[in-house]
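Taking it in order: structure first as structure tokens, then the write-up.
The values are calculated or read from the model by the stated rules, or taken from the named source; none is laboratory data. Since the structure is predicted, the reported quantities are computational estimates derived from the model, not experimental observations. Neighbour counts are summed over all protein chains in view; Cβ atoms, including those assigned to glycine, are modelled from backbone coordinates with ideal geometry. Just the protein is used for accessible areas: all its heavy atoms, side chains included, with ligands, DNA and RNA removed. Shrake-Rupley method; radii C 1.70, N 1.55, O 1.52, S 1.80 Å.
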Amino acid sequence: PSVPRHTNRLINEKSPYLLQHAHNPVDWYPWGQEAFDKAKKENKPIFLSVGYSTCHWCHVMEEESFKNKEIGEIMNENFVCVKVDREERPDVDKVYMTFVQATSGGGGWPMSVWLTPDLKPFAGGTYFPPEDRFHHAGFRTVLLRIAEQWKENKDALLESSQKILEALLYRSEISVRGQESPPPSKGVMAACFQQLSSSYDKDYGGFSKSPKFPTPVNLNFLFTYWALHRTTPEGARALQMALHTLRMMAHGGIHDHVGQGFHRYSTDQHWHVPHFEKMLYDQGQLAATYSRAFQISGDEFFADVTRDILLYVSRDLSDQAGGFYSAEDADSYPTTSSREKREGAFCVWAAEEIRALLPDRVEGTTEGTTLGDVFMYYYGVEETSNVSPMKDPHQELKGKNVLIARSSPELTAAKFGLEPGQLGALLREGRQRLATARAQRPRPHLDTKMLAAWNGLMISGFAQAGVALAEQDYVSRAAQAAAFLQKHLFDPDSGRLLRSCYRGEDNTVEQSAVPIQGFLEDYVFVIQALFDLYEALLEQSWLEWALQLQHMQDKLFWDPKGFAYFSSEAGDPSLLLRLKDDQDGAEPTANSVAVTNLLRAACYSGRMEWVEKAGQILAAFSERLQKIPIALPEMARATALFHHTLKQVVICGDPQGEDTKQMLRCVHSVFSPNKVLVLADGDSAGFLYRQLPFLASLQRKDGKATAYVCSNFTCSLPVTSTQELRGMLCP
């Protein structure tokens, strides 16, 4: 690589996204006081650009505009230019995205916003092409117009930015009005089910035509709805919708059949042509959701998909110190000699490539059938391309195929006169050879930033899969990652979580000079992970840490006036708004998960004020839960857990005893959304016995491992057979 002509301040940052822009001719600053002071001193507006390192259109805008010397000069002369990685600073991203969505009707990344020197937004958008196109002003034109307006009409801009800010403050407030109580769960659950049902695609699964996102929050809602309405037609439909969606996603091109794991979303209705980046938060949630599907259905297909996701994460997104990396990019060089990256280049195939890799004749089939013929038939490979030009506007996939399981194993076996078992072995061999060939291609960029929140989601994925699939290795991997969090993303002196750490030059784990403090989502997803890890491993130290973090979360983020938690803590003068997210999207919103965390925390600590807090969150979101619960399926699910009261399933027994292990296997094999597992090991000096005095009164019956199902600290009669226990867990 040639010596870069330009280097700006971003060279001193740790974020892979900021480092990608360190050699632009733009004089970029990171978000911080130095940039704000410069804007005030020189009386210049701030140009804020927000994105993330695996964002396709962020790369496009950089190539077209931020690497353009002339555009760089216009930016440097008229603005103080600031770059933000939205994954490092979700708080900054959210404030200005709220503005862009309110003023332009849309949002997305890269986000481009112009601010006054005191950080109030007055103009914004997302991606801009470099020059004017059709009816769209180009970036150069927009920059010059805004610079001119700032010189000519500055007072009007300042006044309108003040009005915009007041309107945003008013619009974004979520709080309890009067004496509101939590909404009745029956109505919320029924409405959410109806709304999902009417947007459901019965042919291909999922809940929109296109684009299609995995949205595990919808599937988890449907599993809980089924568990509470098992004997009704609606319950059966909820389960069918969830399982069909998971099956179609696993068959689709959104699932990487050769390299494992799931891409971010599908651009079409059929889950076929994806945007190819792979995000850690999707892998973590989908591993948990597919393992639940296996737990409920017993169908090995779902267990295989779970294993596939965890193989990908263990191999490609794992740091040797135990943490998980954030994402893998969509764009890469098609060959080692290519000059330009293309989206999906690492993952797509020309028909002749597959023929050349799989030329072997298949025994027992009609004359001349090759492994390539069978593989191409099953995975829908076409000679010219199986990607419609409509789904490939930039012709990056021309002549290429995205693998999708187009045919069933039965039909494929019948077509070629194969035994089903034989077909499975042939497809495995084909995938293996393609994986070996693919390993020779240049890999996409890996974002090696490690975030507390997303690591939390991945720990839950490993822990829940370990439980449902009875795979102890997965539980150990979850524990290793939790120990990593405790070492690298937690400050024991202050008791606070940190947001991020980074892989250094020599594979060490590094921290920024001024570490970014954890946000609400970091606390919520880590606490959830620690509860999941306790249930899988039954080591009380993880519970103890979870409850400490819950106290800290209450202290830093709780809104005592309007109830629920703010996304960021008070006291940062550079944040104009303290917001509460109100949408369960690609990830559940933090307040939704906090409701369930609080209910679990109360079960492990006996602190009933946490149940009260859970109810207050539901009350704060009551109007939205009753009108459009489909926007908050995870919180809708939590309303049911709040009203049905969590059951404490207490197993009294020796952790090493075979009878205890049998009881635990029974609990783990059943999907029961409103259960909390407690192991009473008889250690009266231990953490749990100190928290929950009632445990001391629960005895082992006839010296055998004994189960009690308790609700509000009142317990059922003891049972010692797994059959009786199963009956109590699935009424």
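Below is a table of values for the structure above.
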| read-out | value |
| --- | --- |
| Residue-count net charge about Cys710 - beta-carbon cut-off 15 Å; Lys, Arg +1, Asp, Glu -1 | +3 |
| Segment 268-420: C-alpha gyration tensor shape, a/c 1.5 cut-off, then a/b vs b/c | oblate |
| Förster radius 22 Å - calculated FRET efficiency between Phe301 and Ser669 (Cβ-Cβ, nearest 0.05) | 0.80 |
| Estimated vicinal HN-Hα couplings, Hz - segment 94-101 in sequence order (Karplus 6.51, -1.76, 1.60; Gly, Pro = x) | 5, 4, 7, 5, 4, 5, 4, 5 |
| Accessible surface of Asp373 - all protein chains present, 1.4 Å probe, nearest 10 Å² | 50 |
| Global geometry of segment 347-440, whether rounded, prolate or oblate, following the gyration tensor of its Cα atoms and the 1.5 cut on a/c | prolate |
| Prolate/oblate/rounded call for the chain, Cα gyration tensor, a/c under 1.5 rounded | oblate |
| 5 angstrom amide H check on Phe621, placed H, neighbours 5+ away | none |
| Qualifying GluC sites (Glu not before Pro) in segment 313-345, DSSP loop, other Cβ atoms within 10 Å at most 10 | Glu340 |
| Accessible heavy-atom area order of Glu609, Glu419, highest first, probe of 1.4 Å | Glu419, Glu609 |
| Spin-label model distance (nm) - Glu612 vs Gln33, 7 Å beyond Cα toward Cβ | 4.0 |
| Convex hull of segment 222-318 built on C-alpha atoms - directionally averaged projected area, nm² | 6.3 |
| Cleavage-rule hits, GluC sites (Glu not before Pro), segment 451-538, DSSP coil, Cβ neighbours within 10 Å at most 13 | Glu505 |
| Assigned charges on the beta-carbon of Lys, Arg, Asp, Glu; the chain dipole about Cα centre (debye) | 1000 |
| Average accessible area per residue (Å²) across the chain - probe 1.4 Å, nucleic acids and ligands excluded | 41 |
| Cross-link pairs beyond the 18 Å C-alpha cut-off, checked among Lys278/Lys449; Lys202/Lys415; Lys186/Lys627; Lys341/Lys398 | Lys202/Lys415 |
| Dipole axis of the chain (+1 Lys, Arg; -1 Asp, Glu on Cβ), positive-most option in His275, Ser314, His551 | His551 |
| 23 Å Cα-Cα reach of Lys704 towards lysines, excluding residues that sit fewer than 8 places from it in its own chain | Lys647, Lys661, Lys675 |
| Inter-centroid distance (Cα atoms) of segment 249-300 relative to segment 1-69, Å | 33 |
| Exposed trypsin sites (Lys or Arg not before Pro) absent - longest run of the chain, DSSP non-H/G/I/E/B, at most 11 other C-beta within 10 Å | 340-560 |
| Stretch in the chain that is longest and holds no chymotrypsin sites (Phe, Trp or Tyr not before Pro) that DSSP places in a loop and that have at most 15 other beta carbons within 10 Å | 135-712 |
| Accessible area in the full protein assembly, largest first, 1.4 Å probe, for Leu556, Leu549 | Leu556, Leu549 |
| Under-5 Å amide H pairs with Cys81, H placed in peptide plane, nonlocal only | Tyr29, Phe47 |
| Residue-averaged 222 nm ellipticity for the chain, from DSSP H runs of 4+ at -39500 (n - 2.57), nearest 500 | -15000 deg cm²/dmol |
| In order through segment 422-429: 3J(HN,Hα) via Karplus (6.51 cos²θ - 1.76 cosθ + 1.60), integer Hz, x for Gly, Pro | 5, 4, x, 5, 5, 5, 4, 4 |
| Between segment 314-330 and segment 200-221, the Cα center-to-center distance that results, in Å | 27 |
| The chain - percent of accessible surface contributed by carbon and sulfur, probe 1.4 Å | 50 |
| Amide hydrogen neighbours beyond the local backbone of Arg342, cut-off 5 Å, H modeled | Ser332, Tyr333 |
| Probe 1.4 Å, all protein chains present, accessible-area order of Ile74, Ile628, largest first | Ile628, Ile74 |
